[in-house]
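J.: Sharing a structure below in C-alpha cells format, with a few things to ask.
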Amino acid sequence: NRAAEALIQKWSRGLRLFEEHARRAAVRAPYHKFDCDLHVLVAKHTADADSYIQKDPAHQQYWEQRKKITGSVAASGCNWDRDGFKKWSEWTTEDFHYHEVETDHMTIKNSILMRDIVFKELGGFCGMDD
C-alpha cells in the first residue's frame, strides 16, 4: 500500500530528525541560537493527555510504557512537557513567545492563532510588517 509506505517513511524521517536533535542537545544545548523571535505553540489537549489517560483504563498500560521513552518528566507519558517547551527560550537571541492553543497535536495546524502568528512572522520577513 503506497499510502502506508509514505506514512511510514514520513514518520521514520521525523524520528531520525528528532534523534539527531536529541543527541546534539544532550551534548550541548542549545547548539544553535536563532537571531529572531521564537514562537512555541503547544497543543493544550495533547500536553494535558496525562489527565485524560488516567480516566481511561484501556490505555493506562500503554501510557505507563510510554513514560520510559518520552522527553517529558518521568511521571508523564506525553512526548514533551510544558517545561521542556519553555526551554526553547534558550535557543533565541531575541524574544521568546510561548502559546498554548486549545487544540490537539493533529489539528493545531488548523488553529486560527497558529495561522495568525505564522503569517505575521512570515510577513515581517518579507517586509510586510503592519
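J.: What's the number of the only condition in (1) farther than 26 Å from F119 by Cα; (2) touching a helix residue (DSSP H, G or I) at 6+ places or on another chain (Cβ under 6 Å) that V40 fails to meet?
T.: Exception for V40: condition (1).
J.: Here is a further query. Just to be sure I understand the filter: pairs with C-beta atoms under 9 Å, separated by 6 or more residues or on different chains, first member in the stretch 30-56 and open to solvent by less than 50 Å² (accessible area, probe 1.4 Å), second member in a strand (DSSP E or B) and at pLDDT below 90. Which pairs pass?
T.: Hits for this filter: zero, empty list.
J.: Looking at the stretch 31-76, which of its residues are farther than 30 Å from E94 by Cβ and among the hydroxyl-bearing types (S, T, Y)?
T.: S51, Y52, Y62 - these are the residues of the stretch 31-76 that are farther than 30 Å from E94 by Cβ and among the hydroxyl-bearing types (S, T, Y).
J.: Report yes if D95 is within 18 Å of the chain's Cα centre (by Cα) and at pLDDT 90 or above, otherwise no. Even if it seems obvious, please write down each step before you answer.
T.: Details: within 18 Å of the chain's Cα centre (by Cα): no; at pLDDT 90 or above: yes.
No.
J.: Looking at T103, is it touching a residue at least 40 places away in the same chain (Cβ under 8 Å), among the β-branched types (V, I, T) and either on the phi > 0 side of the Ramachandran plot or in a loop (DSSP other than H, G, I, E, B) (or both)?
T.: yes
J.: Here is a list of conditions, (1) part of a helix (DSSP H, G or I); (2) surrounded by 13 or more Cβ atoms within 10 Å (Cβ to Cβ); (3) at pLDDT 90 or above, and F119 meets all of them except one; can you say which number that is?
T.: (2)
J.: Starting from residues that are part of a helix (DSSP H, G or I) and in contact (Cβ under 8 Å) with a residue 24 or more places away in the chain, keep the ones in the stretch 73-86 and report whichever is surrounded by the fewest Cβ atoms within 10 Å (Cβ to Cβ).
T.: In the first step, residues of the stretch 73-86 are kept if they are part of a helix (DSSP H, G or I); the result is 82-86.
When the remaining residues are screened for being in contact (Cβ under 8 Å) with a residue 24 or more places away in the chain, the result is 82, 85-86.
On the way: R82: 18, F85: 18, K86: 13.
Per the criteria, the residue is K86.
The values are calculated or read from the model by the stated rules, or taken from the named source; none is laboratory data. This structure is a prediction, so every number in the text was calculated from the model and none was measured. Positions of Cβ are generated from backbone atoms using ideal geometry, with glycine treated the same way; all protein chains shown enter the neighbour counts. To get the accessible areas, we keep the full protein, side chains included, count just its heavy atoms, and leave off ligands, DNA and RNA. Shrake-Rupley method; radii C 1.70, N 1.55, O 1.52, S 1.80 Å.
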